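K.L.:
Take a look at this one; I'll ask things after.
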Amino acid sequence: MRRVYLDNNATTPLAPEVFKAMSPYWLEDFGNASSTHWYGQRARAAVEEAREQVAKLINARADEIVFTSGGTEGDNAALFGVAEAAPGRDRDATHGKHIVTSSIEHHAVLNAAKVLEQRGVTVTFVPVGATGVVDPADVEYAIRPGTVLISIMHANNELGTLQPVEEIGRIARAHGVVFHTDAVQSAGKIRVDVGELGADLLTLSAHKLHGPKGVGALYVRKGTRFRTLGYAGHHERYRSARTENVPGLVGFGKAAELAREHLDENASRLGRLRDRLEAAILNEVPSVKINGDPARRLPGTTNLRFEFVDGEAFVIAMDLRQVACSTGAACSSGSLEPSHVLAAIGLSRDQARASIRFSLGTFNTDEDIDQTLAALPDVVERLRSLSARYDQQAAGSRL
Ligand code: PLP
């Protein structure tokens, strides 16, 4: 039986066109993009073309794109780079400064904020409501003298929920605070325009949009105070320090171009497939709830709570039926702690453990949905039959 991959928020398969575009840059055009000779110039031209392609995806200028080693580095760089560059009250790089972020950010933001906290920065983690949406009024309320940065993600990786980033961007601007948004999950799936979002910094990652792993970008609006992380050469106009990953960047550029060219058609196709999968599950399987906001979310993501089902057991059972899905963020897989995102929307430990994320990508088809639906009700029924609590509930409803 063929395998079905419904874990595209963890990573996506490389598009064949991307693979083809990258190929010459391993063996033939292997130059260092900073070298003066022919090899270097070939590499430099390829990197600059990729920068244009990535910039176009988010309607930015090419000279505002800083390439990174992925979303994690982009998020870390945004938080540290802005917090440390902002003028402080004293000569200490962080003391007296304040950052506003949310309780459902990716760990690349959350843990960077926590390290900054240990260094003397005060951080406000604004909560979210039951559907996983940040209230812009909470963000505005948190701003105070000394607030140097607001960092709120565009789309949540576990729920797919979209945040009111435009409104938060307007608030940040009105208060003169730098605004960063993590668009790792939204870019290439829905329209992302740095002007419309009012973002001063925006994080991207190639492997979430059918590009290669270990490559990403941070958009830094011209004029934003930002301190580079690495200390070395003059790559990326002094804002990043490393020899460019030329094949990776070429792949990122091609993936960004493809995503932009097919954005609307992919979004509507993925939305249709996701809705078909979700509707059939809700129809055929009892006691299933949608986590997050059903109206404001990425087209290809659904996070469903199967009451009385152990999520990890579900993922393994589905894998044995050739369907790959997940209990949430890939970087938290295997962790015994419930997801911080599901806890933030008010789910109990048991409810969080019963939650499954299905995330679709460009290469999913109706056949994939058919195969998933052919296995899923049976898997849920079998796992529930092993649950003593489900037995008691079923007995209760028969009384
Ligand atoms: N931000 C979000 C919202 C993500 O989903 C991820 C990856 O899962 C990251 C950041 C980290 O990106 P990368 O895997 O490229 O380091």
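The values are calculated or read from the model by the stated rules, or taken from the named source; none is laboratory data. All values derive from a computational prediction rather than experimental measurement. Positions of Cβ are generated from backbone atoms using ideal geometry, with glycine treated the same way; all protein chains shown enter the neighbour counts. Keep in mind that these areas ignore ligands, DNA and RNA; they rest on the heavy atoms of the full protein, side chains included. Shrake-Rupley method; radii C 1.70, N 1.55, O 1.52, S 1.80 Å.
K.L.:
Relative to the longest principal axis of the chain, what angle (0 to 90°, nearest 10) does the C-alpha long axis of helix 366-385 take?
P.N.:
Compared with the principal axis, the helix lies near 60 degrees.
K.L.:
Using a 1.4 angstrom probe on heavy atoms only, work out the carbon and sulfur share of the accessible area of segment 1-132 in %. Present the calculation step by step, with values, prior to reporting the outcome.
P.N.:
Values: 3370 of 6200 Å².
C and S fraction of accessible area: 54 percent.
K.L.:
Collect residues whose amide H, placed 1.01 Å from N in the peptide plane, falls under 5 Å from the amide H of Lys97; neighbours closer than 5 in sequence don't count.
P.N.:
Close amide H contacts, sequence-distant or interchain: Thr122.
K.L.:
Highest GNM mean-square fluctuation, the chain, Cα pairs closer than 10 Å: which of Thr122, Thr203, Thr181?
P.N.:
Comparing Thr122, Thr203, Thr181 in the GNM, the peak value goes to Thr122.
K.L.:
What accessible area per residue comes out for the chain, rounded to a whole number of Å², with a 1.4 Å probe? Intermediate values should be presented prior to the final figure.
P.N.:
Values: 17230 Å² over 399 residues.
Solvent-accessible surface per residue comes out at 43 Å².
K.L.:
Calculate, in nm to one decimal, what Ser287 and Gln393 gain on full extension: separation in residues at 0.36 nm each, minus their alpha carbon distance. Walk me through the numbers on the way to the answer.
P.N.:
Details: separation 106, 0.36 × 106 = 38.16 nm, distance 1.11 nm.
Here the answer is 37.1 nm.
K.L.:
Taking Cα atoms, how many degrees apart are the long axis of helix 388-398 and the longest axis of the chain, rounded to 10 and kept between 0 and 90?
P.N.:
50
K.L.:
Under 18 Å Cα to Cα from Lys114, which lysines show up? Leave out anything in the same chain fewer than 8 places away.
P.N.:
Cross-link targets: Lys97.
K.L.:
Which angle between 0 and 90 degrees, to the nearest 10, do you get for helix 246-261 versus the longest principal axis of the chain when only C-alpha atoms count?
P.N.:
Value to nearest ten degrees: 60.
K.L.:
Test of understanding: in a Gaussian network model of the chain with alpha carbons linked when under 10 Å, which of Asp75, Asp378, Asp310 would top the mean-square fluctuation ranking?
P.N.:
So, out of Asp75, Asp378, Asp310, the one fluctuating most is Asp378.
K.L.:
Work out the P(r) tail for the chain: percent of alpha carbon pairs separated by more than 38 Å, whole number. List each step's numbers first, then the result.
P.N.:
On the way: 18267 of 79401 pairs.
I get 23 percent for the Cα pairs in the chain exceeding 38 Å.
K.L.:
Could you check the simple spin-label distance between Glu261 and Thr36, using points 7 Å along Cα→Cβ, in nm with one decimal?
P.N.:
Rounded to a tenth, the inter-label distance reads 3.8 nm.
K.L.:
Okay, moving on. Which order do you get for Tyr39, Tyr141 if you rank them by accessible area with a 1.4 Å probe, largest at the top? If you can, show how the numbers build up before the last one.
P.N.:
On the way: Tyr39 100, Tyr141 195 Å².
Descending order: Tyr141, Tyr39.
K.L.:
Also, I was wondering about something else. Could you tell me the accessible area of Lys222 in Å² (1.4 Å probe, neighbours in place), rounded to the nearest ten?
P.N.:
Spelled out: Lys222, probe radius 1.4 Å, area about 140 Å².
K.L.:
Can you figure out the FRET efficiency of Ala280 with Glu166, using R₀ = 41 Å and their beta-carbon distance, to the nearest 0.05?
P.N.:
On the way: r = 33 Å, r/R0 = 0.82.
Calculated transfer efficiency: 0.75.
K.L.:
When we measure straight from the Cα of Lys208, which lysines land under 22 angstrom away, once same-chain ones fewer than 8 places off are left out?
P.N.:
Result set, ordered by chain and number: Lys20, Lys56, Lys189, Lys254.
K.L.:
Which one of Ala324, Ala343, Gly361 is farthest out on the positive end of the charge dipole of segment 292-372, using unit charges on Cβ (Lys, Arg +1; Asp, Glu -1) and the Cα centre as origin?
P.N.:
Positive-end residue among those listed: Ala343.
K.L.:
Could you give the length gained by full extension between Val115 and Asp319, i.e. 0.36 nm per residue of separation minus their alpha carbon distance, to one decimal place?
P.N.:
On the way: separation 204, 0.36 × 204 = 73.44 nm, distance 3.68 nm.
Between Val115 and Asp319, full extension yields 69.8 nm more.
K.L.:
Where nothing but the Cβ of Lys and Arg (+1) and of Asp and Glu (-1) is charged, how large is the charge dipole of the chain around its Cα centre, in debye to the nearest 20? Write down the numbers at each step before the final one.
P.N.:
Numbers: 45 positive and 49 negative charges, 122 e Å.
Computed about the Cα centre, the dipole is about 580 debye.
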